[in-house]
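Here's the structure, in structure tokens; my notes come after.
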Amino acid sequence: MKTIFTESSPKPETDAVAVRRLLAEAVESLGQLVADHVRLARVELATDVRIYATATGSVAVAALLLTIGYLLAAVAAALALARSVGTPAAFGLVAAFHLLVGVICVGAASSRVRRTKVLRETAAEARRSVRALARPSERPVS
């Protein structure tokens, strides 16, 4: 912030002019602060969208694996009823593998989504700014 009164100044400014200048600087600084928060929110939102898009793709793949596993399990159950032993065991093993992989993928994706907090840094910066604006400076004005 600029110093308004200096000792080398030939004529001091009036209080009204000084107050107007300080208010203008405060408004300009507040505008810059809001603009910085908006820029941070944009960057953070883009990152969060990328994380959620990746997790959504993982869930889609997991859903496909679970569907394949379910279909193979149904085929294995039908063949097991038709014949008592043989080929159905192979279908059952393949179905179990797909089901297991699908469950692991869904668990990993949902865990990653739960750990991601949307706009975490933006919220923290906004809280800091509100605290700073709520508490007047305790430094003496020179």
Just one listed residue, out of Ser84, Ser110, Ser58, is hydroxyl-bearing (Ser, Thr, Tyr) and modelled with pLDDT under 85, and it is Ser84
Checked segment 92-114 for anything over 11 Å from Tyr70 (Cα atoms), without any contact (Cβ under 8 Å) to a residue 40 or more places away in the chain, in contact with a helix residue (DSSP H, G or I) (Cβ under 6 Å, 6 or more places away or on another chain) and not aliphatic (A, V, I, L, M); matches are none
The residue from Ala16, Ala24, Ala35 that alone is modelled with pLDDT under 85 and assigned to a helix (DSSP H, G or I) is Ala16
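Does segment 88-106 include one or more residues that are at positive phi and of a type in the set (Gly, Ala, Ser)?
no
The values are calculated or read from the model by the stated rules, or taken from the named source; none is laboratory data. These numbers come from a predicted model, not from an experiment. Here Cβ is always computed from backbone atoms with ideal geometry, including for glycine, and neighbour counts include all displayed protein chains.
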